[in-house]
Amino acid sequence: MLFTGCAPVLDKRFMEEGAREFQLNYLVETPEAFKDHLFILGGVIVETKLTENASQIEALFVPVNSSGRLRDSQHYQGRFLALFSRSKGMLDPLIYRKGREITMAADFVEVRKGKIDEMEYAYPVFEVRQIYLWDEYPYYNSYWPGYYPYYYPYYYRSPYFYDPWMRPYPGPYWYGHPW
């Protein structure tokens, strides 16, 4: 179990062959130099569309670490398009929806002009060899009454609990609440 936590999410061969340390603007500036090179990239899905020949994912680029996990999904470095051939299957837009995180092994194909709202944008386009969709984790608000500020000093069971101003009051409640 310990070793599975460090296992790569993509095929080991792709992880060894593919380039992980790159920036999208280099691909846009000199596309001929990188054509048909294998890249390992991650991203956050902006939109998934089904076209006649492929499933097309528009995503925000996020670099990945050596096992394929996204490094820091808060710092995006541009957008890209990923094409998943119809012959390999279909990426359902309901499953591959906005906000989901992905990691993929893909070949760089070209730079395609497009628009983000009213602005012109040059999208690096990749042909997907393998894709991994990360699990969604539910968002928990840490300020729900069962958590902060009620977890301290109520983390131990005592016949007396204290409010945030350290005034004791009796009660058999774990978090100091009657429910």
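Could you tell me how many of the residues in segment 5-44 are of a type in the set (S, T, N, Q), in a loop (DSSP other than H, G, I, E, B) and either modelled with pLDDT of 90 or more or farther than 17 Å from ASN65 by Cβ (or both)?
1
Kindly indicate which of GLU47, GLU21, GLU58, GLU52 is over 29 Å from LEU94 (Cβ atoms) and either charged (D, E, K, R) or touching a Ser or Thr at 6+ places or on another chain (Cβ under 7 Å) (or both).
Being over 29 Å from LEU94 (Cβ atoms) and either charged (D, E, K, R) or touching a Ser or Thr at 6+ places or on another chain (Cβ under 7 Å) (or both) holds for just one of GLU47, GLU21, GLU58, GLU52, which is GLU21.
Quick one: which residue in VAL46, VAL9 is out of contact with any Phe, Trp or Tyr (no Cβ under 7 Å at 6 or more places or on another chain), in contact (Cβ under 8 Å) with a residue 12 or more places away in the chain and either of a type outside the set (D, E, K, R) or over 16 Å from TYR132 (Cβ atoms) (or both)? Please lay out each step first, then the result.
Working: VAL9 fails: out of contact with any Phe, Trp or Tyr (no Cβ under 7 Å at 6 or more places or on another chain).
Exactly one of VAL46, VAL9 is out of contact with any Phe, Trp or Tyr (no Cβ under 7 Å at 6 or more places or on another chain), in contact (Cβ under 8 Å) with a residue 12 or more places away in the chain and either of a type outside the set (D, E, K, R) or over 16 Å from TYR132 (Cβ atoms) (or both), namely VAL46.
Report the residue count in segment 69-88 for those that are over 16 Å from LEU133 (Cα atoms) and in a strand (DSSP E or B).
The qualifying residues number 3.
Any residue at all in segment 90-105 that's farther than 17 Å from ASP135 by Cα and either in contact with a helix residue (DSSP H, G or I) (Cβ under 8 Å, 6 or more places away or on another chain) or of a type in the set (Val, Ile, Thr) (or both)?
So in segment 90-105, the residues farther than 17 Å from ASP135 by Cα come out as 90, 105.
Next, only the ones that are either in contact with a helix residue (DSSP H, G or I) (Cβ under 8 Å, 6 or more places away or on another chain) or of a type in the set (Val, Ile, Thr) (or both) stay: 105.
Yes: one or more hits.
Hey, HIS37 hits all of (1) crowded, with 16+ Cβ neighbours inside 10 Å; (2) in contact (Cβ under 8 Å) with a residue 24 or more places away in the chain but one; which does it fall short on?
Result: HIS37 passes all but (1).
The values are calculated or read from the model by the stated rules, or taken from the named source; none is laboratory data. Small disclaimer: the values here were computed from a predicted structure and weren't measured. Glycine gets a Cβ as well: all are built from the backbone with ideal geometry, and neighbour counts include every protein chain shown.
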